[in-house]
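Single-structure report; data block below.
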Protein chains: 2
Amino acid sequence: MSEFVLYHGWTSSASRKLRLCMAEKGLDYESKPIDILSFEHHSDWFKKLNPSGKVPALLIDGVPFVESNLINEYLDETYPEPPLMPKDARQRFEIRLFSLYIDDTCLPAVQKHNWMRRMRPVAEKWSDQELEARLAAVPTEERRKVWYKMARDPYTDEDLQSALNVLIGMAERIEQGAARDGWIVGKSYSLADIAAVPYVRRLEEIAPDEVSAKNRPALADWWARIQARPAYPKALIGGYDEQGDPAYKPAG
Amino acid sequence: MSEFVLYHGWTSSASRKLRLCMAEKGLDYESKPIDILSFEHHSDWFKKLNPSGKVPALLIDGVPFVESNLINEYLDETYPEPPLMPKDARQRFEIRLFSLYIDDTCLPAVQKHNWMRRMRPVAEKWSDQELEARLAAVPTEERRKVWYKMARDPYTDEDLQSALNVLIGMAERIEQGAARDGWIVGKSYSLADIAAVPYVRRLEEIAPDEVSAKNRPALADWWARIQARPAYPKALIGGYDEQGDPAYKPAG
């Protein structure tokens with residue numbers, strides 16, 4: 001068994017996705033929670049692990065692995081039980097495509113809601129001088145824009161509704177997959193379902209009706225089956241507003 | 001053997017990547033070149049194949065497949081000869097990570113140069129009225145911004161240099177991989193090398209010194225070995241300014 005050290009954010013969707021995969025595989029790790037609000041992921045030591053300054057990063061026997069979808073597929077290939085990718089090539093393709101859709105389309109949508117909830121209350125208090133100093137510490141142009149936006153030009157209700165519509169579109173895709181075959185792709189729980197979990201969890205907080213049994217019975221059943229799996233509580237996917245998960249115990 | 005219908009752009013990097021993989025696998029296809037400048041990829045019939053309106057899309061026995069990295073991996077799993085993914089899980093991870101880097105980091109960089117070369121001369125001539133009508137036909141907010149930018153707010157020399165620096169960074173990564181093991185990941189030609197080819201081809205046109213044997217001997221040797229493969233000419237990766245490849249013959 002390799003040695004795993006996980007650098008992650010409690011509420012980061014990509015971190016939650018990786019924790020859930022590791023829990024399914026029964027892989028224990030040394031936990032290194034990263035404090036996003038104090039820019040810990042932008043520190044020099046973290047950028048040595050992941051130059052893009054994003055969580056999660058997983059050290060496997062001292063070698064850093066990044067990008068949650070790709071780490072999860074690597075873990076599935078290396079620790080094949082329980083299998084989280086089917087043998088069928090077309091289903092494998094569909095799982096990778098769905099996971100890419102989660103990262104490319106759903107992540108930017110959920111981030112708008114997360115940033116407004118978590119970063120806006122901090123950033124709106126900054127003076128111009130403080131803002132300038134804070135921005136100077138942010139390593140990527142993309143993230144500088146986000147912090148600037150949170151400080152001075154927050155998302156409108158219309159922006160947030162449009163981001164919510166993206167997540168509702170995701171819920172509808174899950175509803176259709178679950179109604180057809182029980183899971184998002186095919187008749188087995190897979191990395192596609194794992195990729196969706198943090199987003200369904202968050203959608204349930206933002207707009208609970210969208211995941212209710214009344215409105216989306218197949219999704220609600222899918223969601224109940226996932227939460228009933230022994231791995232689910234081990235992945236520590238708590239409430240978004242909790243300050244670190246209540247179940248968290250430092251590993252070291 | 002399945003039946004393949006390929007919707008693609010001659011100079012689209014993602015299309016070139018897919019054509020090269022198909023040529024390696026000896027897969028013939030019915031060719032449907034898409035006229036990007038006349039917005040053909042934004043037409044209703046094409047959006048039925050790929051709702052995101054991006055090329056390429058590959059119909060396999062009538063089923064549309066999208067996302068070039070994922071299609072290539074599907075083709076490699078379905079047509080295993082010659083193998084383009086190694087058996088080693090860590091190398092497979094690295095190939096997927098490199099391919100994602102190509103799409104997420106190198107594609108936006110090369111697009112700045114491509115758009116200025118191809119779209120800017122068209123869009124800068126539009127009157128305000130014409131611009132408005134053109135933008136109304138573009139299906140995604142993201143692409144509307146691009147066309148607006150090409151019409152009224154083109155990239156500066158500084159923007160283009162910074163995009164070029166990204167491609168130079170890629171060349172440096174290839175140099176290091178090729179110097180170490182002969183190929184980008186490990187000792188075999190793989191989907192990582194295929195993912196890089198359209199970008200090296202384009203970098204060679206934009207800044208030939210960056211791929212010269214004098215400046216990057218391992219990359220230049222890698223590039224010569226790829227161009228010597230029988231698949232390379234079959235992939236029809238012509239000059240960027242050619243109006244459709246001279247070698248193109250309609251399939252139908």
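No lab work stands behind these numbers, since they all come straight from the coordinates. Predicted, not measured: the structure shown is a model, and the values here were computed from it. When we count neighbours, we look across all protein chains shown, and the Cβ atoms used for this are built from the backbone with ideal geometry, even at glycine.
Placing a label point 7 Å from Cα toward Cβ, how far apart in nm is residue A:88 from its equivalents in the other copies, listed shortest first to one decimal? Reported distances to equivalent positions: 3.3 nm.
In the protein assembly as shown, helical runs assigned H by DSSP with n ≥ 4 each contribute -39500 (n - 2.57); averaged across all residues and rounded to the nearest 500, the mean residue ellipticity at 222 nm is -16500 deg cm²/dmol. Sorting A:41, B:42 from the fewest to the most surrounding beta carbons within 10 angstrom yields B:42, A:41. Per-residue Karplus couplings for the range A:40-57, computed as 6.51 cos²θ - 1.76 cosθ + 1.60 with θ equal to phi - 60°, are listed in order as 4, 6, 9, 6, 4, 5, 6, 5, 5, 7, 9, x, 7, x, 10, 8, x, 10 Hz, Gly and Pro entered as x.
Per residue of peptide B:63-73, the mean number of Cβ atoms on other chains within 10 Å of the residue Cβ is 3.
Structure note, pairs B:25/B:234; A:32/A:54; A:17/A:187; A:25/B:87; A:112/B:47: Cα-Cα distances above 23 angstrom occur for A:112/B:47. For residue A:127, inter-copy separations between label points set 7 Å beyond Cα along the Cβ vector come to 5.3 nm, shortest first. Remark: label point of residue B:161 defined 7 Å out from Cα along the Cα-Cβ vector; separations to the same position in other copies 4.5 nm, ascending.
Below 8 Å between Cα atoms, with a sequence gap of 6+, how large is the relative contact order for chain A in percent? Spell out each step's value before the answer.
Working: 300 pairs, mean separation 62.1, N = 252.
It rounds to 25 percent for chain A.
Only helices reaching 27 angstrom along their own axis (Cα) with mean Kyte-Doolittle hydropathy no lower than -1.0 count here, and for the DSSP H runs of chain A these are A:157-181.
What FRET efficiency would be calculated for the residue pair residue A:176, residue B:43, taking the C-beta separation as r and a Förster radius of 22 Å, to the nearest 0.05? Computed FRET efficiency for residue A:176 and residue B:43 comes out at 0.30.
With neighbours defined as other Cβ atoms within 10 Å of a residue's Cβ, the residues A:47, B:149, B:54 order from fewest to most as A:47, B:149, B:54. How big is the antiparallel share of DSSP beta bridges in chain B, given as a percent to the nearest 5? Percentage antiparallel, nearest 5: 65.
To the nearest 20 debye, what charge dipole does the range A:104-252 have about its Cα centre, counting +1 at the Cβ of each Lys and Arg and -1 at the Cβ of each Asp and Glu? Intermediate values should be presented prior to the final figure.
Numbers: 22 positive and 23 negative charges, 100 e Å.
Charge dipole of the range A:104-252: 480 debye, to the nearest 20.
Looking at the protein assembly as shown, the DSSP beta bridges with both ends there are about 65 percent antiparallel.
In what sequence do B:31, A:15 fall when counting other Cβ within 10 Å, fewest first? Before the final figure, lay out each step's value.
On the way: B:31 18, A:15 27.
In increasing order of surrounding Cβ atoms, one gets B:31, A:15.
Ranking B:56, B:72, B:20 by Cα position along the charge dipole of the range B:4-78, where only Lys, Arg, Asp and Glu carry charges on their C-beta atoms, puts B:56 farthest toward the positive end.
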